[in-house]
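Okay, so here's the structure we're looking at.
The values are calculated or read from the model by the stated rules, or taken from the named source; none is laboratory data. These figures come from a predicted structure and were not determined experimentally. Please note: Cβ atoms are built from the backbone with ideal geometry, for glycine as well, and neighbour counts cover all protein chains shown.
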Amino acid sequence: MKPSKKYLFLIILLVNSVALSNCGFVRSQHYSSSAVQYLYPNEDERIESPGIPQLTLPLKVGVAFVPEGTRGKQTLTEKDKIDLMHEVSKNFKKFTFVKSIELIPSAYLKKEGGFTNLDQIRTIYDIDVVALLSYDQTQFTDEGIASITYWTLVGAYVIPGEKNDTNTMVDASVYDIQSRKMLFRAPGISHIKSKATPVNLSEQLRADRIDGFKEASKDLVTNLEIQLELFKEKVKELPEDFQIAHSPGYTGGGSLDAATVIFLALISAYFFYSRRTKKT
């Protein structure tokens, strides 16, 4: 008994689909912005050694996203950038040695503008230190590899599934503008796996991009807080690497760390005891 043309067509279609699913291929999309490319656009140009930072407390800090490169695709909207800059600025506000935070709109940063551009921003916004935010995000799509899970027969069509990986890194590099020295940096990383059919693939990839930045931003904020604490200790331990001055009327916010309080208490007790023994 010969199979009908309808069933024969479906059999051939399924066989071809299996063959195609075993030959899955990988597509990728890459989005990035680079602080190195922004600050040092000419690779052949000699990079001058940074000077010793002269930090006047309390600091005036700026937060900005470096522009996407000449070939870079823009995946973050200006609202997305402002939202992330707000989160980063919250960490700086926790410290008494920070006087003010300025969020710098993207329009003020020129592609490959370098420190010349930062000098202009420093004058316009009256800031001392800038936190430059950059990102790198890559999305991989394995077509056909996950198709067995998502095979759905719709009329005469077999729809293969697709597996998506989204890797995201957001980086904060904090520079003293005048001395050109990087004070510290903090990264944030995320890795998202998801699956989608070709019908809603674009929508899923867009959602993964946003979620990737959100997760990487949370990781960045956590690491930034750690690096800020380490920088605070570094300034105390390496006074030869930083010149610290205080603005008139600034007393450190009226608070001292516990180690300093204990040290001062011991010194006071010692002198008080010495004076009493001399009198007796």
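Points to keep in mind about this one:
- Residue within region 45-58 that is of a type in the set (Asp, Glu), modelled with pLDDT under 85 and out of contact with any Ser or Thr (no Cβ under 8 Å at 6 or more places or on another chain) present: yes
- The lone exception for Phe95 - which of (1) touching a Phe, Trp or Tyr at 6+ places or on another chain (Cβ under 9 Å); (2) outside any helix (DSSP H, G or I); (3) closer than 23 Å to Leu228 by Cα it fails: (1)
- Selection status of Ile104, under 20 Å from Asp219 (Cα atoms), modelled with pLDDT of 90 or more, aliphatic (A, V, I, L, M) and within 17 Å of the chain's Cα centre (by Cα): no
- Considering (1) modelled with pLDDT under 80; (2) within 30 Å of Val129 (Cβ to Cβ), the lone condition that Tyr150 does not fulfil carries the number (2).
- Here Lys60, Lys79 are screened, and the one residue that is more than 19 Å from Ser179 (Cβ to Cβ) and either part of a helix (DSSP H, G or I) or under 21 Å from the mean Cα position of the chain (by Cα) (or both) is Lys79.
- Criterion violated by Ala216 - all others in (1) modelled with pLDDT of 90 or more; (2) not in a helix (DSSP H, G or I) satisfied: (2)
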